[in-house]
Amino acid sequence: MHLPISLFAMPPPTNSPPSEVQAELQRLREENDMLRSLVRDAPVAFVALDLQRRVQLWNHAAERIFGWREEEVIGKPLPHVPAASEQSSHELYRRAVAGDSVRDIELERMTKAGHEVRVSLSTSPLRDITNNIIGMVGVYDDIDDCTAPEIPFRGLVEQSLVGLYIIQDGMFQYVNPRWAAMFGYTQQEMAPRLVADFIAPQDRATVVGNLDRRISGEITSIFYPFKGLHKDGRLVDIEVQGTRFQYRGRPAVIGVGLDVTEARLREEQIERSQARLRELSQHLLTVREEQRGKIARELHDVLGGTLTALKMDIGWLKKHTTEARLAARADTMMELVRDAIDTVRKISAELRPGVLDNLGLLDAIEWETGRFRERMGIDCKLTLRAAPVEIEEAAAIAIFRIFQEALTNIARHAEATRVEIDAGQVDGVLLVTVQDNGKGIDLQAVSNRKSYGLTGMAERARQFGANLEISGAPGGGTRVLLRYPLPATAERQRGEGQ
């Protein structure tokens with residue numbers, strides 16, 4: 001049987017680990033196969049047409065009601081439309097492919113034996129997985145014989161691994177063993193009973209509302225999660241896909257459901273684990289910055305002080321010697337000490353710029369821009385939008401390190417000749433933009449987990465509540481944009497300054 005996949009497609013989860021994605025895909029495949037079987041042996045006739053009005057789906061109920069076997073009609077025009085009804089049939093099709101739906105029209109069709117049969121017909125557009133209309137699906141119910149199909153339907157679903165149910169008049173008219181077990185009941189305990197009895201209070205309005213929308217014909221089908229009430233009093237996480245259809249001559253909802261409680265618990269455990277890892281990562285970054293600051297101070301205060309004293313002693317020796325050879329050696333030693341002092345200053349500045357602690361973030365950005373311009377010989381245009389504000393030390397360090405990494409990437413990869421840097425406050429948000437005119441970043445590199453520099457930038461931004469965007473195009477340069485919402489105190493200080 002050729003069953004259109006769009007009848008059964010369900011959205012896969014996102015933002016999940018690969019192993020859970022695979023498990024979810026496998027679940028969806030199993031559910032898809034079950035839905036195919038359900039449509040094939042459903043108590044109502046499913047008939048689907050493509051854009052040329054050729055039959056693409058003809059289930060067992062259609063064979064029973066109209067007499068033609070599937071192989072006799074697939075790929076051909078509808079065989080059961082009387083000549084007098086051809087125009088109205090074509091109009092129903094036109095409305096369906098235009099996006100409209102029709103519900104519960106009573107009309108007459110012909111059987112293979114030439115007899116008239118009275119049916120109830122509902123039509124709707126047939127869509128593919130990208131939501132494009134690819135034809136029409138019609139659901140026929142034999143008004144003169146609405147109870148006979150129930151036996152094969154029941155036999156199909158009794159052993160199903162997914163929950164299956166029929167709802168009519170706000171009550172479960174049928175549930176299979178798996179659906180009842182998901183709530184801790186037997187089939188006899190659960191049907192017939194009000195649907196609301198099995199729904200957590202906070203989700204009852206949503207479930208009943210979605211049920212009413214389908215019964216009224218506002219929508220045909222819907223997928224959504226809710227929390228159900230287990231017999232033992234605990235809550236269970238359920239996901240359902242339910243579709244409107246005709247049951248015993250009246251509108252009802254037939255659906256499938258899965259108990260995803262364990263999956264949700266695993267997701268919560270993973271989220272907690274990830275949160276702990278983020279906390280550990282933030283702690284390690286904080287400890288590293290503290291160590292870098294301590295080492296920078298030791299280099300500046302201790303080693304720098306020692307070298308300065310040594311420089312003064314060498315100067316004294318040179319001043320008090322009359323021998324030319326010793327004076328020349330003193331000059332050489334003096335140059336070595338000066339180089340050592342410069343090196344200590346550079347290392348200390350790399351470890352923790354004093355300007356960041358003493359003057360603030362924007363001044364540190366200006367200082368780093370000057371160093372980059374001098375070191376790389378690249379034209380840098382710097383725009384500082386406003387006076388500096390108070391930003392907590394950890395956030396200021398993180399933003400400065402992101403800025404440094406952006407410049408480092410330009411030096412290593414961009415082949416740029418010009419860099420434009422813009423930093424300052426806009427509507428309570430600190431913006432830092434670095435734009436180069438280089439060869440442009442490979443967008444795959446942005447999502448590559450092995451791009452540790454980019455990953456580190458994004459992680460630093462996320463940990464301190466900032467948003468980081470990295471974009472680029474071949475030959476169009478690369479743009480790094482950081483947005484950091486300023487704390488209320490910083491905004492208040494800015495307002496007072498104005």
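The values are calculated or read from the model by the stated rules, or taken from the named source; none is laboratory data. Note that this is a predicted model, so its numbers are computed, not measured. We place every Cβ from the backbone using ideal geometry, glycine too, and count neighbours over all the protein chains shown. All accessible areas refer to the heavy atoms of the entire protein, side chains included, with ligands and DNA or RNA removed. Shrake-Rupley method; radii C 1.70, N 1.55, O 1.52, S 1.80 Å.
Within region 163-172, can one find any residue that is more than 34 Å from the chain's Cα centre (by Cα), at pLDDT 80 or above, part of a strand (DSSP E or B) and under 14 Å from Val256 (Cα atoms)? Scanning region 163-172 turns up at least one residue that is more than 34 Å from the chain's Cα centre (by Cα), at pLDDT 80 or above, part of a strand (DSSP E or B) and under 14 Å from Val256 (Cα atoms). Scanning region 45-74 for residues that are among the acidic types (Asp, Glu) and not in a helix (DSSP H, G or I) gives a single hit, Asp50.
Would you check which residues across region 292-337 are under 60 Å from the mean Cα position of the chain (by Cα), modelled with pLDDT of 85 or more and of a type in the set (D, E, K, R) and list them? Glu335 - this is the single residue of region 292-337 that is under 60 Å from the mean Cα position of the chain (by Cα), modelled with pLDDT of 85 or more and of a type in the set (D, E, K, R). Selection of region 195-235 for residues being out of contact with any Leu (no Cβ under 8 Å at 6 or more places or on another chain), more than 22 Å from Leu126 (Cβ to Cβ) and among the aliphatic types (A, V, I, L, M) yields Ala196, Ala205, Val207, Val208, Leu211. Residues of region 81-98 that are open to solvent by less than 50 Å² (accessible area, probe 1.4 Å) and either part of a helix (DSSP H, G or I) or modelled with pLDDT under 90 (or both): Pro82, Ser85, Ser89, Leu92, Tyr93, Ala96, Val97. Write out, first by first residue and then by second, each pair whose Cβ atoms fall under 6 Å of each other, whose residues are 6+ apart or on separate chains, and whose first residue, in region 364-379, is over 18 Å from Lys346 (Cβ atoms) while the second is of a type in the set (Val, Ile, Thr). Close Cβ pairs (under 6 Å, with a partner that is of a type in the set (Val, Ile, Thr)) amount to Ile378/Val419.
Pairs meeting the criteria (first residue in region 472-485 and within 19 Å of Arg412 (Cβ to Cβ), second residue open to solvent by 70 Å² or more (accessible area, probe 1.4 Å) and basic (Lys, Arg), beta carbons under 8 Å, at least 6 apart or on different chains) are Gly472/Arg479; Pro474/Lys439; Gly475/Lys439; Gly477/Lys439.
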